[in-house]
């Protein structure tokens, strides 16, 4: 991979890591202060607000990354595109904000927790100035990572200062919303430094409407099966069950976001290749990223399954022990979520929005069927099974359509070497679990020696993905 792609991957890893690491770092503190019922209460409220944020965003964020990448070398066209998309977002956000206020004032369940729903609803307000897509399209991942780091530190300090008892769950919800809002505010102030501004000359919205609506339909179906789990847990089960599920979800998505961010910077690059008709270059990059992701996901997923007990008890405490089997189930998401991002990027880059839409539709239907069947009896574990099944269907459909666009090259020998090394690592982890009974020491020893074992076995079998990763690291150190 080129040095610019390596650099962007590095900064995108940092950015995605910070986005998920903040709630994960705060989770142990919040879990012990607010307790399961209040953690679940906030999770359910945030879940409801997220529906409106998704509608407010339309399909603009993902679509805008592609359009920004196309026009980034023409300042006039870039300002025009930025203005058109910004105004469309303004209109959709205004409509959704009004509808959200009507909803929380119309139903007794929301009025009983009005302050909480106003706090999480501030995220809709911040959507007025959501322009992260601009910086991603311009591949300015260095700024994105630095900005996110500063905001996360300030948010963590606010949390430790103002959230001191289980009755402070509204304050916690507000701080979480403001963590996103501060990013958006800084983005607006940074516009002058990159020379982008609103331009109201010769604006045209018609060309954006059709693709945006396709992306919008995609976003809605994706969010349907990612948000519906917590929504149905709140309706069909308990707030505590929602807390057990969301805590497990945070752990898994931290790992997925960190590793799959390697491929997250591909959309702008793929869009350029697609414009030039260079399918072979896309296939080459996609194949390399697939094998690297597989090399990282296999041992991580196995390790997460084996160490779920230690992770849950250390992070959240014994009151969240019910999350242990939930986390083990959701460990399987590493494969579906990680690879879905890669193959979905291929579809978007080549303008196959309709095919990309079919993926989450299939996932949403799967999710609804499994949720209604399993949540009443299995609670958070039923929601976890539904999530894994839905994401697996999404990835399978995405792989099918992607293979019709470009020819991907899967190396059976490399995949076999990865699996064998992971099995060896798993054996080492099981030995430490039997010998060490202290949770922290067991986790540290298992992770440390497990990683060492995996690397050594990969080295002995000459797994090319290990050498590929070492090359990337060396390039990064030279920059």
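The values are calculated or read from the model by the stated rules, or taken from the named source; none is laboratory data. The structure presented is a predicted model; accordingly, all values stated were derived computationally and were not measured. Cβ sites come from the backbone with ideal geometry, for glycine too, and all protein chains shown count toward neighbours.
Given the structure, is residue 268 at pLDDT below 65 and part of a helix (DSSP H, G or I)? Working first, answer last.
Values: at pLDDT below 65: yes; part of a helix (DSSP H, G or I): yes.
It is true that residue 268 is at pLDDT below 65 and part of a helix (DSSP H, G or I).
Please go through region 170-217 and give me each residue that is over 25 Å from the mean Cα position of the chain (by Cα), in contact (Cβ under 8 Å) with a residue 40 or more places away in the chain and within 17 Å of residue 150 (Cα to Cα), ordered by number.
none
Residues checked against (1) at pLDDT 85 or above; (2) more than 26 Å from the chain's Cα centre (by Cα); (3) farther than 22 Å from residue 51 by Cβ; (4) surrounded by 16 or more Cβ atoms within 10 Å (Cβ to Cβ):
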| position | (1), (2), (3), (4) |
| --- | --- |
| 94 | yes, no, no, no |
| 113 | yes, yes, no, yes |
| 123 | yes, no, no, yes |
| 136 | no, no, yes, yes |
| 164 | yes, yes, yes, no |
| 168 | yes, yes, yes, yes |
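Would you check if residue 79 is assigned to a helix (DSSP H, G or I), farther than 21 Å from residue 182 by Cα, in contact (Cβ under 8 Å) with a residue 40 or more places away in the chain and in contact with a helix residue (DSSP H, G or I) (Cβ under 7 Å, 6 or more places away or on another chain)? Outline the logic, then answer.
Details: assigned to a helix (DSSP H, G or I): yes; farther than 21 Å from residue 182 by Cα: yes; in contact (Cβ under 8 Å) with a residue 40 or more places away in the chain: yes; in contact with a helix residue (DSSP H, G or I) (Cβ under 7 Å, 6 or more places away or on another chain): no.
Considered against the rule, which asks whether it is assigned to a helix (DSSP H, G or I), farther than 21 Å from residue 182 by Cα, in contact (Cβ under 8 Å) with a residue 40 or more places away in the chain and in contact with a helix residue (DSSP H, G or I) (Cβ under 7 Å, 6 or more places away or on another chain), residue 79 comes out as no.
For residue 395, are the conditions met, namely being touching a residue at least 24 places away in the same chain (Cβ under 8 Å) and within 25 Å of the chain's Cα centre (by Cα)? Give the steps one after another, and end with the answer.
Values: touching a residue at least 24 places away in the same chain (Cβ under 8 Å): yes; within 25 Å of the chain's Cα centre (by Cα): yes.
Considered against the rule, which asks whether it is touching a residue at least 24 places away in the same chain (Cβ under 8 Å) and within 25 Å of the chain's Cα centre (by Cα), residue 395 comes out as yes.
Take the residues in region 398-422 that are free of Cβ contacts under 8 Å to residues at least 40 places away in the same chain and within 22 Å of residue 459 (Cα to Cα), then tell me which one is surrounded by the fewest Cβ atoms within 10 Å (Cβ to Cβ). Quick ask: steps written out before the conclusion?
Of region 398-422, the ones free of Cβ contacts under 8 Å to residues at least 40 places away in the same chain are 400, 403-404, 412-413, 416.
Remaining after also requiring within 22 Å of residue 459 (Cα to Cα): 412-413, 416.
Details: 412: 7, 413: 11, 416: 12.
Across region 398-422, the extreme among qualifying residues is 412.
Of all residues in region 365-384, which are touching a helix residue (DSSP H, G or I) at 6+ places or on another chain (Cβ under 6 Å) and either without any contact (Cβ under 8 Å) to a residue 12 or more places away in the chain or in a helix (DSSP H, G or I) (or both)? Walk me through how you get there before you give the answer.
The first filter runs over region 365-384 and keeps only residues touching a helix residue (DSSP H, G or I) at 6+ places or on another chain (Cβ under 6 Å), leaving 366-367, 370-371, 374-376, 379-384.
Once the filter is applied, which keeps residues that are touching a helix residue (DSSP H, G or I) at 6+ places or on another chain (Cβ under 6 Å) and either without any contact (Cβ under 8 Å) to a residue 12 or more places away in the chain or in a helix (DSSP H, G or I) (or both), region 365-384 yields 366, 367, 370, 371, 374, 375, 376, 380, 381, 382, 383, 384.
Right, residue 233: in a helix (DSSP H, G or I), more than 17 Å from the chain's Cα centre (by Cα) and buried (at least 21 other Cβ atoms within 10 Å of the Cβ) or not? Explain how you work it out, then say what you get.
Details: in a helix (DSSP H, G or I): yes; more than 17 Å from the chain's Cα centre (by Cα): yes; buried (at least 21 other Cβ atoms within 10 Å of the Cβ): yes.
Here the answer is yes, as residue 233 does meet what is asked.
Give region 325-349 a look and list any residue that's modelled with pLDDT of 90 or more and either crowded, with 19+ Cβ neighbours inside 10 Å or under 28 Å from residue 69 (Cβ atoms) (or both), or say none.
First, the residues of region 325-349 that are modelled with pLDDT of 90 or more: 325-332.
Those that are modelled with pLDDT of 90 or more and either crowded, with 19+ Cβ neighbours inside 10 Å or under 28 Å from residue 69 (Cβ atoms) (or both): 326, 327, 328, 329, 330, 331, 332.
I'd like to verify a number: residues in region 350-366 that are surrounded by 22 or more Cβ atoms within 10 Å (Cβ to Cβ) and farther than 20 Å from residue 215 by Cβ, how many?
Counting residues in region 350-366 that are surrounded by 22 or more Cβ atoms within 10 Å (Cβ to Cβ) and farther than 20 Å from residue 215 by Cβ gives 0.
Checking the structure you have, find out if any residue of region 400-421 is assigned to a helix (DSSP H, G or I), closer than 29 Å to residue 246 by Cβ and in contact with a helix residue (DSSP H, G or I) (Cβ under 9 Å, 6 or more places away or on another chain).
The answer is no; no qualifying residue exists.
Within region 431-461, track down each residue that is in a helix (DSSP H, G or I) and more than 30 Å from the chain's Cα centre (by Cα).
Residues of region 431-461 that are in a helix (DSSP H, G or I), as a first pass: 431-435, 439-460.
Those that are in a helix (DSSP H, G or I) and more than 30 Å from the chain's Cα centre (by Cα): 431, 432, 433, 434, 435, 456, 457, 459, 460.
Do the conditions hold for residue 466, that is, is it under 29 Å from the mean Cα position of the chain (by Cα), surrounded by fewer than 20 Cβ atoms within 10 Å (Cβ to Cβ) and either over 21 Å from residue 309 (Cα atoms) or touching a residue at least 12 places away in the same chain (Cβ under 8 Å) (or both)? Give the steps one after another, and end with the answer.
Numbers: under 29 Å from the mean Cα position of the chain (by Cα): yes; surrounded by fewer than 20 Cβ atoms within 10 Å (Cβ to Cβ): no; either over 21 Å from residue 309 (Cα atoms) or touching a residue at least 12 places away in the same chain (Cβ under 8 Å) (or both): yes.
So residue 466 fails the test.
Being buried (at least 23 other Cβ atoms within 10 Å of the Cβ) and outside any helix (DSSP H, G or I) is the filter here; which residues of region 24-61 pass it?
Answer for region 24-61, where residues must be buried (at least 23 other Cβ atoms within 10 Å of the Cβ) and outside any helix (DSSP H, G or I): just 58.
I'd like to check something: does region 245-252 contain any residue that is at pLDDT below 80 and surrounded by 15 or more Cβ atoms within 10 Å (Cβ to Cβ)? So that I can check it myself, show each step before the final result.
Quick first cut of region 245-252, residues at pLDDT below 80 only: none.
Taking every residue of region 245-252 in turn, none turns out to be at pLDDT below 80 and surrounded by 15 or more Cβ atoms within 10 Å (Cβ to Cβ).
Can you say whether residue 77 is at positive phi and modelled with pLDDT under 90, as far as the supplied structure shows?
Details: at positive phi: no; modelled with pLDDT under 90: yes.
The answer is no for residue 77.
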